[in-house]
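Novice: Shown below is the structure under consideration.
The values are calculated or read from the model by the stated rules, or taken from the named source; none is laboratory data. Model, not experiment: these values are computed from the prediction. All Cβ positions, glycine included, derive from the backbone under ideal geometry; neighbour counts span all protein chains shown. These accessible areas exclude ligands, DNA and RNA; they are computed on the full protein's heavy atoms, side chains included. Shrake-Rupley method; radii C 1.70, N 1.55, O 1.52, S 1.80 Å.
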Amino acid sequence: MYVCLFVATAVERKMASFQLGVLFAGLFLLILWGPSGACMYVAFSAGLSDNVKLQANDKLRYDRVTTNVGSALNATTGMFTCPQSGLYQFHVHAFPIRGLRLWMSLYLKDIPIISVYAESQSSGGHSVVVFVNKGDTVYVAAKVPSKMYGGSNDIYTTFTGYLISPYLN
């Protein structure tokens, strides 16, 4: 095969290269989506680039989405809707406006899973590994009235999640 490619015309080499590229792209897509067609990679990361004031039970909506593989995070609502059942890791970090406090929780199907608390110039953060079923929603909401700091170059309040291991049934 190497000899054939070496002596082949430029058009034939280009065609062989294209076919090899298609083969690798197909293998990549098989790895990415798996044999069942389900997305095997799910990851998102979002943050605040402006100050936000929330009342108790308000969902936090993020205006700076840096990653959204699988398009499962809806930045408008702040909700992650699980596209693939499996084991996920979520991280929540928050930074209050000077002199104020915040108390937030991460919710899975409207049930609080973890909480974050911070006062004045200290930040709060928490992580969790949890099994999430396809269609379940995960979001961050205020437990009490809270004010988070955000700046265009200061992204301290963030919500990140990713699939660790898919559940293939």
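Novice: Any residue at all in region 132-151 that's loosely packed, with under 13 Cβ neighbours inside 10 Å, more than 19 Å from Ala72 (Cα to Cα) and not hydrophobic (A, V, I, L, M, F, W, C)?
Specialist: yes
Novice: Is there a residue in region 106-115 that is over 17 Å from Ser49 (Cα atoms), open to solvent by 70 Å² or more (accessible area, probe 1.4 Å), at pLDDT 95 or above and in contact with a Pro (Cβ under 7 Å, 6 or more places away or on another chain)?
Specialist: no
Novice: Filter region 118-149 for residues that are touching a residue at least 60 places away in the same chain (Cβ under 8 Å) and within 19 Å of the chain's Cα centre (by Cα) and give the result. So that I can check it myself, show each step before the final result.
Specialist: The initial filter retains those residues of region 118-149 that are touching a residue at least 60 places away in the same chain (Cβ under 8 Å), namely 139-149.
If the condition is that a residue be touching a residue at least 60 places away in the same chain (Cβ under 8 Å) and within 19 Å of the chain's Cα centre (by Cα), then Tyr139, Val140, Ala141 are the ones that fit.
Novice: Same structure, new question: Please verify whether Val52 is surrounded by 17 or more Cβ atoms within 10 Å (Cβ to Cβ) and either closer than 18 Å to Ser146 by Cα or free of Cβ contacts under 8 Å to residues at least 40 places away in the same chain (or both), treating the condition exactly as stated.
Specialist: Considered against the rule, which asks whether it is surrounded by 17 or more Cβ atoms within 10 Å (Cβ to Cβ) and either closer than 18 Å to Ser146 by Cα or free of Cβ contacts under 8 Å to residues at least 40 places away in the same chain (or both), Val52 comes out as yes.
Novice: Could you figure out which of (1) outside any loop (DSSP other than H, G, I, E, B); (2) open to solvent by 70 Å² or more (accessible area, probe 1.4 Å) isn't true of Arg61?
Specialist: (1)
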